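Visitor: Mind having a look at this structure? Questions to follow.
What follows is calculated from the coordinates using simple rules that are stated; it is not laboratory data. Bear in mind the structure is a predicted one, so any value in this text is a computation, not a measurement. Don't worry about glycine lacking a Cβ; one is built from the backbone with ideal geometry, like all the others, and counts go over all protein chains shown.
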Amino acid sequence: MSHMTTDNYRKHTTTNPAQRFLIDNFFKNLLHEAGLLHPESILDVGCGEGFTLDRFHTQLIGKKLVGIDFLDTAITIGKKERPHLDLKKGNIYDIPFSDNSFDLVMCCEVLEHIDTPEKGLQELSRVTKKHCILSVPNEPWFMLSNFLRGKNLSRWGNDVEHIQHWSTNAFVKLVSKYFVVDAIRQPFPWTMLITSKR
């Protein structure tokens, strides 16, 4: 393993059985829902090191798999470990693709980290041709699950990098301004929305 690492890398390579179970369950939901949409082209915004896209690659979901992330480290690790994926530097506020470029745009565990999620949602809606799958921590359950496994105790389980906090209802309300929400999934402790372009 390379000496370079990120929080996302540690999350996806964790050996903690409880965390593994939750992450695997999240992916089971994500792959199932994405598979039903039969996308040819997929963009993962905030792709990190390409862990999510790699699962799509393995399951043969989508022919064209592209990921963007603003962290140089994540892209560098991703390119090295997953050379079969198309990973590039990019920013959710200014996605480097033209309108209606992808059948499916995914944005998982990103919106809670950014100052103006509305602006991010506008960009996601712009580059998708058909669908968008979004996920964020489902609060207060996410904080509670952190707290119960002894993480971030002094902050009552809140992740220091999470600046937005949504219950499922609050997130649906926000996303509905930009997308048609087709389905709501709640793989604990996350909210996942399967949406269509307005």
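Visitor: Looking at this model, which pairs from 88/119; 79/173; 89/173; 11/173; 11/197; 89/177 are more than 26 angstrom apart at the alpha-carbon? Write down the numbers at each step before the final one.
Guide: Numbers: 88/119 21 Å; 79/173 36 Å; 89/173 30 Å; 11/173 28 Å; 11/197 30 Å; 89/177 28 Å.
Check vs 26 Å cut-off fails for 79/173; 89/173; 11/173; 11/197; 89/177.
Visitor: Next question. For region 65-93, list residues with backbone N below 11 Å from a point placed 7 Å from the Cα of residue 126 toward its Cβ?
Guide: 92-93
Visitor: Still on this structure: Could you tally the net charge around residue 28, taking each other residue with its Cβ under 11 Å from the Cβ of residue 28, Lys/Arg +1 and Asp/Glu -1? Could you put the intermediate results ahead of the total?
Guide: Values: positive: 55, 185; negative: 24, 33.
Overall, the nearby charge balance is 0.
Visitor: Using the charge dipole of region 1-101 (Lys, Arg: +1 at Cβ; Asp, Glu: -1 at Cβ; taken about the Cα centre), state which of 18, 48, 32 has its Cα farthest towards the positive end.
Guide: 18
Visitor: Right, something else. So, with +1 on the Cβ of K and R and -1 on the Cβ of D and E, and no other charges, what is the size of the charge dipole of region 11-123 about its Cα centre, to the nearest 20 debye?
Guide: Details: 12 positive and 18 negative charges, 102 e Å.
Dipole about the Cα centre, nearest 20: 480 debye.
Visitor: Calculate, in nm to one decimal, what residue 167 and residue 99 gain on full extension: separation in residues at 0.36 nm each, minus their alpha carbon distance.
Guide: Contour length minus the Cα-Cα distance gives 21.5 nm.
Visitor: Can you list the aspartates and glutamates whose alpha carbon is less than 20 Å from that of residue 80, not counting same-chain residues fewer than 8 positions off?
Guide: Excluding near neighbours in sequence, the set is 7, 44, 49, 54, 69, 72.
Visitor: Right, here's the next one. Using θ = phi - 60° and the Karplus form 6.51 cos²θ - 1.76 cosθ + 1.60, what ³J(HN,Hα) does each residue of region 172-182 get, whole Hz, x for Gly and Pro?
Guide: 4, 4, 5, 5, 4, 6, 10, 9, 8, 7, 8
Visitor: Determine the dipole magnitude for the chain: charges of +1 sit on the beta-carbon of Lys and Arg, -1 on that of Asp and Glu, nothing else is charged, the reference point is the Cα centre, and the result goes in debye to the nearest 20. Could the numbers behind the result be given before it?
Guide: On the way: 24 positive and 23 negative charges, 59 e Å.
Here the chain has a charge dipole of around 280 debye.
Visitor: If each of residue 57 and residue 28 carries a label point 7 Å out from its Cα toward its Cβ, how far apart are those two points in nm?
Guide: Label at residue 57, label at residue 28, 2.5 nm between them.
Visitor: Shape verdict for region 5-126, please, from the Cα gyration tensor: rounded (a/c under 1.5), prolate (a/b greater than b/c) or oblate. Write down the numbers at each step before the final one.
Guide: Numbers: a/c = 1.37, a/b = 1.19, b/c = 1.16.
Note, shape of region 5-126 comes out rounded.
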